[in-house]
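To start, the structure itself, in structure tokens.
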Amino acid sequence: QSVLTQPPSVSAAPGQKVTISCSGSSSNIGDNSVSWYQHLPGTAPKLLIYDNTERPSGIPDRFSGSKSGTSATLGITGLQSGDEADYYCATRDSSLSAGFVFGTGTKVTVL
Amino acid sequence: EVQLAQSGAEVKKPGESLKISCKASGYKFTSYFIGWVRQMPGRGLEWVAIMYPGDSDTRYSPSFQGQVTISADKSITTAYLQWSSLKASDTALYYCARLVVPEPGRDYFDSWGQGTLVTVSS
């Protein structure tokens with residue numbers, strides 16, 4: 001039972017846009033930066049966004065992140081079949097021994 | 001290039017002990033936290049523990065405190081996750097990952113291992 005809540009699933013047609021929300025509280029998102037990860041079953045998770053809005057080298061600008069208050073959002077534009085995966089937000093949580101916490105995860109389906 | 005190479009799949013019986021490994025290369029091992037993340041069958045990612053090999057600073061998720069032990073051997077740049085008495089509920093895929101901490105509260109896992117499948121069954 002994660003403290004970061006994401007919608008279980010989102011879907012859209014190829015070329016369209018999806019957004020994934022991540023809702024937390026003042027002890028986690030409200031007080032720390034958010035990162036986002038893409039996870040295809042059977043593979044290592046991949047960092048997509050760090051520090052709320054920054055993309056690592058090699059991540060296309062179709063992926064974007066934002067944060068406002070105690071919520072964060074991942075946006076994916078120009079949806080492609082290869083984007084079909086599970087997506088997780090993550091951040092520190094001051095109420096968990098300064099530990100890390102992942103969101104509940106969102107399955108993105110490309111119709 | 002940062003690489004994290006994990007040990008192979010394990011099949012164990014309840015009550016047995018286990019130690020899985022994560023061999024790091026391509027960066028200064030003692031300058032970054034390294035952590036473990038669990039994914040149970042059909043479930044999401046859960047943070048287990050992190051450790052700073054430089055000074056052995058260790059943090060556990062409250063859900064895993066007392067259930068597992070994270071450790072590291074600086075001489076061979078390898079991190080470990082171990083259990084003294086496995087339960088069927090420990091069956092999961094375990095990933096190691098490097099944690100980058102530009103400053104407190106801005107950290108993120110930038111590189112991940114391929115995962116180690118642990119199956120506990122009688």
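The values are calculated or read from the model by the stated rules, or taken from the named source; none is laboratory data. Note that the coordinates shown come from a computational prediction; the quantities given were computed from them, not determined experimentally. Glycine also receives a Cβ, built like all others from the backbone with ideal geometry; neighbour counts cover every protein chain displayed. Just so you know, the surface numbers come from the protein's heavy atoms only, side chains and all, with ligands and any DNA or RNA stripped out. Shrake-Rupley method; radii C 1.70, N 1.55, O 1.52, S 1.80 Å.
Of the residues in the range B:74-120, those shielded by at least 30 Å² of accessible area once partner protein chains are present, compared with the chain alone at a 1.4 Å probe, are B:TYR95, B:GLY105, B:ARG106, B:ASP107, B:TYR108, B:PHE109, B:TRP112.
Computed from the Cα positions only, the extents of the range A:21-101 along the three principal axes stand at 38, 27, 21 Å, in decreasing order. Here the translational diffusion coefficient of the protein assembly as shown follows from Stokes-Einstein with Rh set to the Kirkwood radius across Cα pairs; for 20 °C and 1.002 mPa s it amounts to 119 µm²/s.
For chains A and B, what's the summed buried accessible area, probe 1.4 Å, to the nearest 100 square angstrom? Buried area (both sides, nearest 100 Å²): 1900 Å². When the solvent-accessible area of the range B:44-122 is split by element, carbon and sulfur atoms take up 46 percent of it, the probe being 1.4 Å. Sequence-distant contacts, meaning Cα pairs under 8 Å at least 6 residues apart, place the relative contact order of chain A at 38 percent. Note on chain A: GNM, Cα springs under 10 Å; of A:SER66, A:SER95, A:SER21, the largest mean-square fluctuation is that of A:SER95. Loop-located chymotrypsin sites (Phe, Trp or Tyr not before Pro) in the range A:72-111 (DSSP state other than H, G, I, E, B) with a sparse environment of at most 15 neighbouring Cβ atoms within 10 Å are absent. Using a probe of 1.4 angstrom and keeping all protein chains present, the accessible surface of the protein assembly as shown works out to 44 square angstrom per residue. The translational diffusion coefficient of chain B, from Stokes-Einstein at 4 °C and 1.567 mPa s with a Kirkwood hydrodynamic radius over alpha carbon pairs, comes to 89 µm²/s.
Taking a cut-off of 21 Å between Cα atoms, list the lysines near B:LYS19, but don't count ones fewer than 8 places away on the same chain. Cα-Cα hits under 21 Å: B:LYS74, B:LYS87.
For the residues of B:35-47, the average number of beta carbons from a partner chain within 10 Å of their own beta carbon is 4.
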